[in-house]
1. Quick one: in the range 27-47, of everything that is assigned to a loop (DSSP other than H, G, I, E, B) and free of Cβ contacts under 8 Å to residues at least 24 places away in the same chain, which residue is surrounded by the fewest Cβ atoms within 10 Å (Cβ to Cβ)?
2. Being under 30 Å from residue 320 (Cβ atoms), over 17 Å from the mean Cα position of the chain (by Cα) and surrounded by 17 or more Cβ atoms within 10 Å (Cβ to Cβ), is that true of even one residue in the range 97-118?
3. Quick check on the range 183-194. Is at least one of its residues of a type outside the set (S, T, N, Q), without any contact (Cβ under 8 Å) to a residue 40 or more places away in the chain and more than 30 Å from residue 251 (Cβ to Cβ)?
4. From 229, 253, grab the single residue that is assigned by TED's automatic domain parsing to the domain that holds residue 181, modelled with pLDDT under 95 and loosely packed, with under 14 Cβ neighbours inside 10 Å.
5. Out of all the residues in the range 6-26, is one or more free of Cβ contacts under 8 Å to residues at least 60 places away in the same chain and part of a strand (DSSP E or B)?
6. When the range 204-254 is examined, which residues are found to be part of a loop (DSSP other than H, G, I, E, B) and of a type in the set (A, V, I, L, M)?
7. Given 284, 296, which one is hydroxyl-bearing (Ser, Thr, Tyr) and either more than 30 Å from residue 141 (Cα to Cα) or surrounded by 19 or more Cβ atoms within 10 Å (Cβ to Cβ) (or both)?
8. Sort out for me the strands (runs of 3 or more DSSP E) sitting completely within the range 102-192 that have 2 or more residues that are farther than 30 Å from residue 271 by Cβ.
Amino acid sequence: MATQRIGIIMNGVTGRMGTNQHLVRSIVAIRSQGGIALPGGDTLMPDPILVGRSEHKLRTLTEAYGIERWSTDLDACLADAEDTIYFDAQTTTRRAEAIRAAIQAGKHIYCEKPIATDTATALELAQMADRAGVKHGVVQDKLFLPGLLKLKRVIDSGFFGRILSVRGEFGYWVFEGDWQTAQRPSWNYRKEEGGGIIVDMVCHWQYVLSNLFGRITGVSCLGTTHIPERVDEQGQSYASTADDAAYSTFEIENGIIAHFNSSWAVRVYRDELLSIQVDGTHGSAVAGLRECKVQSRVNTPRAIWNPDVPNPINFRENWMDVPDNGTFENGFKAQWELFLRHVALDEPFRWNLYEGAKGVQLAELALQSWAERRWLDIPQLAGSREA
């Protein structure tokens with residue numbers, strides 16, 4: 001039994017998401033558990049080198065989490081043949097250039113979404129990776145959430161009968177930064193820096209809907225900037241040039257209608273920050289980040305609209321929990337392990353850069369729909385392939 005090292009260049013993990021989800025809860029967690037068990041008794045051990053622009057931040061992270069290597073020189077890291085994977089969690093506007101360089105250096109690619117700022121560039125990256133013969137993947141973390149894994153189990157069981165519609169509510173109040181510090185970085189609210197909730201969240205809804213329900217064929221989207229001025233990390237006021245809320249409707253190829261409200265300017269009155277309700281002829285389900293509840297046809301109460309008397313029904317009483325029936329890993333960690341096994345063992349991994357390009361395409365068309373105030377069809381991407 002031997003330990004197989006796998007070197008990973010991790011670029012952009014000094015940011016909130018990169019540090020918490022990809023470094024600490026994924027790579028550090030995998031190292032802490034002793035690596036990934038392989039067939040035959042060997043162990044696959046990730047060996048990251050952290051790359052970024054801030055020497056201070058990199059030193060702090062390596063010292064805090066027992067990482068031995070860091071660098072501010074991406075080109076030098078890409079030139080090292082011992083590190084075979086390039087991971088990118090930078091801001092979107094910086095991603096494509098770095099991925100191109102990594103592909104040219106022969107690195108396997110794993111990256112955050114959106115993979116690019118426009119569909120043409122996203123598709124170019126996927127095709128470039130194919131030509132180079134490198135493996136590639138994109139983070140699609142919400143597919144690995146306990147609540148959505150339970151929902152997938154319910155779908156696969158046939159519980160719903162014919163699925164009719166999907167309703168999604170996502171968001172929370174992000175403080176403006178004046179009297180309380182904002183929970184999100186200021187670039188999220190600057191269109192010129194790749195910000196905006198449509199660019200950020202519609203990519204998520206693309207892979208959630210297509211993986212659970214089918215290919216999206218049409219979109220209508222209305223975006224807005226509810227909070228026109230915010231305060232940045234330096235305490236300076238700035239104009240919000242990007243959308244902070246989006247109200248989107250999607251048509252799915254099998255007749256399902258899906259509507260998602262996404263907002264960073266909404267106060268939460270639901271069980272979780274994400275709530276997805278699925279209604280079918282034989283039953284319904286409500287799934288969040290961790291929980292999933294169902295109501296079957298025989299448990300559906302007879303609701304009657306009568307505003308003149310108090311409502312006699314406690315509607316929540318007729319819903320049942322979907323049990324865990326297993327242990328759920330952190331979603332980012334679970335997908336990291338699958339990608340590392342894909343690189344080391346050539347095991348299947350279908351969430352490739354083409355899937356990432358579909359997310360960019362849907363976000364781009366949602367922005368176009370908003371600008372033109374009309375429905376748009378979603379064409380299949382030329383040159384895309386299934387993994």
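The values are calculated or read from the model by the stated rules, or taken from the named source; none is laboratory data. Values in this document were obtained by computation on a predicted structure and should not be read as measured data. For neighbour counting, all protein chains shown are included, and Cβ atoms are generated from backbone atoms with ideal geometry for every residue, glycine included.
1. This residue is 34.
2. no
3. Within the range 183-194, none of the residues are of a type outside the set (S, T, N, Q), without any contact (Cβ under 8 Å) to a residue 40 or more places away in the chain and more than 30 Å from residue 251 (Cβ to Cβ).
4. 253
5. No, there is no match, as no residue in the range 6-26 is free of Cβ contacts under 8 Å to residues at least 60 places away in the same chain and part of a strand (DSSP E or B).
6. 227, 242
7. 284
8. Answer list for the range 102-192: 108-111, 136-138.
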